[in-house]
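Following: one structure in structure tokens, then a few remarks.
Quick note: the coordinates plus some simple rules give every number you see, no bench work behind them. Keep in mind that what you see is a predicted model, and the values were worked out from it rather than measured. Quick reminder, even Gly has a Cβ in these numbers, built from the backbone with ideal geometry, and neighbours come from all protein chains shown.
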Amino acid sequence: MPAYKKCVIVVLLICFAFFVYGCKSTSSENTETEQTTSGFKFIVEEKYSPAIELVSVKSVDATVKFLEGEDIYNNIWTRTYAEELGINLSYMWVVDNSQYQQKLTATIMSGDIPDVFVCDPLLFKMLYDSDLIEDISEIYETHASETTRMVLEQDELALPCTTIDGKLMGVPITDASIANAPLLWIRQDWMKKLNIDPPESMQDLMEISRRFVEGDPDGNGIKDTIGLAVSKELWGAYAGLQGFFNGFHAYPRIWIERDGELVYGTIQPEARQALAVLQEMYKNGEIDKEFGVKDINKVAETIANNKCGIEFGVWWNPYSPLYLSQANYPDAYWQAYPIPSIDDTPAKSQYSAAVGSIIVVRKGYPHPEAVFKLLNFWCDNFLFSNDKELRDAYLGSLDNPDVVKYKYTDFHLWEPNSILRTYENVKKALASRNTDGLNHDEWQRYQIISAYFDQGIKEAWVEVATYGENGSVSILKNIAQGGGMVNRFYGAPTRVMSEKMAALHTMEDEMMIKTIMGEPLESFDTFVEEWYKLGGEEITREVNDWWRN
Amino acid sequence: MKFKKSPGYILFLIMNYGVLFFLAATCFFPILHVLALSMSSSTAASSGRVLILPVEFNLQSYRYVIENNAFLKAFAVSAERVALGVPINMLLTVLSAYPLSRRKEQFRMKTFFTWFFLITILFSGGMIPWYMVIKETGLLDTIWAMIIPGAVPVFNVILLVNYFRSIPAELEEAAYMDGASHWCILWKIFLPISVPTLATVTLFSMLNHWNSWFDGLILMNNPDKYPLQSYMQTIVISRDPTTLTERDLDLLKIISDKTTKSAQLFIAMIPIICVYPFLQKYFTTGLIVGGIKG
């Protein structure tokens, strides 16, 4: 019967498909390619013998590329760890960065906890509350090498971030906190063209913004430029408003000390003053009429399009997105300035502890000290190494710039102060024209900056505007020496905070955008009241309790 | 008979065409825009100078895509997923729809089984149980993890059940009188009549497999095994601007590279664009063609 035959054929085909796939998945076992690590001498305290197993999880992103025949499970780092430290590092899974937290949560909930892994502060707190991670205070004292400790303690906010109830529960992955302090960026070529002096005060800045709108700085005869770039996210790493508020001594989104208590910056009266000025600027067309719907990528287009001349952002802005401006208009040059002030008191740039992720050890993992062996290995052998061969082999080489090898491992720390030191060394070298004693990275920057001045290579402005003598890093130095306002709250999110802060932030942003776009300033006052009512009061209490302890 | 073309009628025609053209244009514009972006120079694209015509035409980004292993791998995984998933979906849809469309006298447990299927639409266990089931059944990290859990698309089953029900009982009875079995009735009568619905359901299931990205990200343990849309998600994602650090700079460059992004988006669209015209005709030929006469 043909009908039966057809069914039988379909069923057989499906069985066959299952069968083929079953076979395929078993036959595609990893073919291990044995490559030895070339003969570098490493400083290693003690090698595990026999070798131990360490299961982790890993996030990668589109920038992680491998050499032919290698992958995340088998690369120079995994091989070296096995050979030099006796640690067989393997991964339960590898996932794209964007889904890392979600997948990690799913994995932990399903009962599989990796031995050592990276998590964010929120999950860190949850893991601590559920008693799933190991207290590493003692291990830190006994096993962290001198260099590792130096790096971790250099930023005084780093270790406190991962200390709960006096116990060190994780290793903070450090970055320089001051790196997120906002600076003022202005199109210097426009200022020159319109004969404007650098801003000394906030009033000057507003004058500049006005003239950028009216003076036709792009020279196309049409009044199509705006002053200040603002994105709808308001607090981004570029085109943000923190810096503007700081000029009025207002510190949005962070906790500051006032009269012996911690208070939330956004709801202070100074913020109202700043908002009033922003509202005025919006009315005069100095802020994009459509800023409320433009995300930072859209703002980057405005910048690239030669349409705006002022933005508040962090020190690395020239690398992205400001380089676009020069790429399209070769004469464009953005210069960083310290935040000007509205009155005689100097303005302070706000910044927060830069601990975005934390390395933790599973409770009950038999070799918790392995985490410091891995970190020591990095800090003692790579962090300060100038050995070009070593750097090429383990960090990535210029011949193959796409393959950045340190991204294969999570066990690397960066020295928070390195930006400032690089700046000092490059500055010295530029003054004396003597490159002795520069490390590889500094030497490269030196070369690029020299190319700008000696050969007039305009693309090199990016380095000049950052590590150059008057570049953005020179301002960071000031901020590091007390010219900044640090977020006084750097603990793990408190209970009510993790529940309600996100909603309060949304409310805050909506109020800001609406007020700037013309709603009466009273909406700021109602917002403050609402803020307290909808959880702000409890959060303030929690934060102060945390602070007093 | 000829319509007398009154001014009102002409106005209506103009308005009608105008509105329809406008609607079509709004649908077509984004596609053209992406295509134009993918063929423009990257400075033109990043400064927003591209609308529907390429600016500073070049095909650099397509070359990048062709040389980009990750994209091609992901494309292959997606193709594999559709090739395996759609036949399994269709077979199981048909096999579950037929009994459920029977009358109660023919299939006593019908109510139970109808609810058995419906419950899965109404309630779900949530992400963690879903993940655990897949993990414990050993499907994790295999292509079957994306196929077996969704093997019976209940919504499609309901569509097909409803269509089967609308087929006049006389057809079936006549066949039954002639000695046809259930198998015979299903294969020889129901399926040929239901071609339009089957086409719709096939398209749904194909789209579903082609477009889903979340399961790939969560269930695969290595980016090498991502289906196309999961891979796409990793390049079109926009980062939270408040937590950007200088270490994200090179990532920022990649994800803000509009031209290669657009090229990949465009290529990912092609298979579905190709399938649509062939199945489209079934949507328009009306769902109740054929059947009984007199």
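A few remarks follow.
- Nearest 10 degrees, 0 to 90: helix A:522-531 Cα axis against chain A principal axis: 30
- Rounded to 0.05, the FRET efficiency of the B:ARG165 and B:LEU59 pair, given R0 = 41 Å and the Cβ-Cβ distance, is 0.20.
- Trypsin sites (Lys or Arg not before Pro) within the range B:98-180: DSSP coil, no more than 15 neighbouring Cβ in 10 Å: B:ARG103, B:LYS104, B:ARG108
- Take every Cα pair under 8 Å whose residues are at least 6 apart in sequence, average their separation, divide by the length of the range B:7-58, and the relative contact order is 30 percent.
- Derived scalar couplings between HN and Hα for the range A:129-138 equal 4, 8, 6, 9, 10, 7, 7, 10, 4, 5 Hz in order, rounded to whole Hz, by the Karplus curve 6.51 cos²θ - 1.76 cosθ + 1.60 (θ = phi - 60°), x for Gly and Pro.
- Violating pairs (Cα-Cα greater than 19 angstrom) within the set A:LYS192/A:LYS427; A:LYS193/A:LYS307; A:LYS232/A:LYS307; A:LYS223/A:LYS283; A:LYS232/A:LYS298; A:LYS407/A:LYS458: A:LYS192/A:LYS427; A:LYS407/A:LYS458
- For the peptide A:323-335, the mean number of other protein chain Cβ atoms found within 10 angstrom of a residue's Cβ is 1.
- Shape of the range B:7-58 from the C-alpha gyration tensor: prolate (a/c of 1.5 or more and a/b above b/c, with a ≥ b ≥ c the square roots of its eigenvalues).
- Distance between the range A:271-335 and the range A:228-251 - C-alpha centres, whole angstrom: 10
- Listed cross-link partners A:LYS47/A:LYS405; A:LYS289/A:LYS533; A:LYS294/B:LYS253 are compared with a 30 Å cut-off, the Cα-Cα value being larger for A:LYS289/A:LYS533.
- Relative to the longest principal axis of the Cα atoms of chain A, the long axis of helix A:495-516 lies at roughly 40 degrees.
- Each of the peptides A:328-340, B:189-201 was scored by the mean count of other Cβ atoms within 10 Å over its residues; in descending order, highest first, they stand as A:328-340, B:189-201.
- Gyration tensor over alpha-carbon atoms, the protein assembly as shown, equivalent ellipsoid semi-axes in Å: 53, 38, 28
- A DSSP coil position with no more than 16 other Cβ atoms inside 10 Å describes the following GluC sites (Glu not before Pro) in the range A:144-240: A:GLU156, A:GLU200.
- Close amide H contacts of A:GLN350 (hydrogens built in the peptide plane, cut-off under 5 Å, sequence separation of 5 or more or a different chain): A:MET485.
- Relative contact order, percent, chain B [alpha-carbon distance under 8 Å, six or more residues apart]: 28
- Where only DSSP H runs of four or more residues are counted, chain B gives -21000 deg cm²/dmol as its mean residue ellipticity at 222 nm, each run worth -39500 (n - 2.57).
- In degrees, nearest ten, helix A:269-283 long axis to first principal axis of chain A (Cα): 80
- C-alpha center-to-center spacing [the range B:138-166, the range B:55-129] in angstrom: 6
- With contacts taken as Cα pairs under 8 Å at a separation of at least 6 residues, the range A:418-481 carries a relative contact order of 34 percent.
- Helices of chain B meeting both criteria, an alpha-carbon length of 30 angstrom or more along the long axis and an average Kyte-Doolittle score not below 0.0, with helices taken as full DSSP H segments, are B:7-38, B:69-100, B:258-284.
- Per-residue mean of C-beta atoms belonging to partner chains within 10 Å, peptide A:99-110: 4
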